[in-house]
């Protein structure tokens, strides 16, 4: 069996797809066709026109992927755009990652911007930047930034500290903690000075909320902290409501 060759693109060139050891793009390079590589590094403006399968993908420049991505590890400090589904064991984003399909992963960590028009399904997700996705399903979810999820966030353990005006259609989990504070915004998505999360429905076993506006909250144990407006709370064991919050209807079942 012959050794795999490296592919290096330093200028404005188009190269064929294939099976390589390492791919490095430092210029305005294109790869026309499906490619398999142990490692892919893009520090220029790289464009993959086919499917991409790799052990490690590192993007510090601008990477555009027309086909699907299947990788063990992805690191993004530049800008990455993927038009189809992305499957990855571990991804770290400090730049911008835009996925127009779905994103399936093991561990997702982001201090930058993650946008996904499809669903995100992973084992754990930690975001301290901006997260915009259709829906998110994972075991553990931690966020300290902006969240925009129009459909569902479903996770066993949810720990959210708000730094932006955020919204999640529905939230489901076992332990749910959401707190927020007023302050400066690292991202200019919101316009109000206060920090608040809006949701139609929040359901779990143990729920603790601050700075939340919701139509309905349902759990065994519910703690409504400061700056909340809740239309209806349904609980089976305990309910505590801060004096600076409003709960319009309380139902014990």
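The values are calculated or read from the model by the stated rules, or taken from the named source; none is laboratory data. Just so it is clear, the model here is predicted, and its values are computed rather than measured. All Cβ positions, glycine included, derive from the backbone under ideal geometry; neighbour counts span all protein chains shown.
Yes or no, residue by residue, for (1) at pLDDT 95 or above; (2) surrounded by fewer than 22 Cβ atoms within 10 Å (Cβ to Cβ); (3) touching a helix residue (DSSP H, G or I) at 6+ places or on another chain (Cβ under 6 Å):
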{"site": "141", "(1), (2), (3)": "yes, no, no"}
{"site": "145", "(1), (2), (3)": "no, no, no"}
{"site": "156", "(1), (2), (3)": "yes, yes, no"}
{"site": "159", "(1), (2), (3)": "yes, yes, no"}
{"site": "178", "(1), (2), (3)": "yes, no, no"}
{"site": "184", "(1), (2), (3)": "no, yes, no"}
{"site": "201", "(1), (2), (3)": "yes, yes, no"}
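I'd like the residue in region 87-116 that is in contact (Cβ under 8 Å) with a residue 24 or more places away in the chain, over 16 Å from residue 73 (Cβ atoms) and within 11 Å of the chain's Cα centre (by Cα) and, out of all such residues, is surrounded by the fewest Cβ atoms within 10 Å (Cβ to Cβ).
Among those residues, the one meeting the criterion is 112.
Consider residue 72 against the criteria (1) under 21 Å from residue 133 (Cβ atoms); (2) part of a strand (DSSP E or B): it satisfies all of them except one. Which criterion is unmet?
Among (1) under 21 Å from residue 133 (Cβ atoms); (2) part of a strand (DSSP E or B), the lone unmet condition for residue 72 is (1).
Here is a list: 50, 63. Which entry is free of Cβ contacts under 8 Å to residues at least 60 places away in the same chain and assigned to a loop (DSSP other than H, G, I, E, B)?
After ruling out the rest, the residue left standing is 50.
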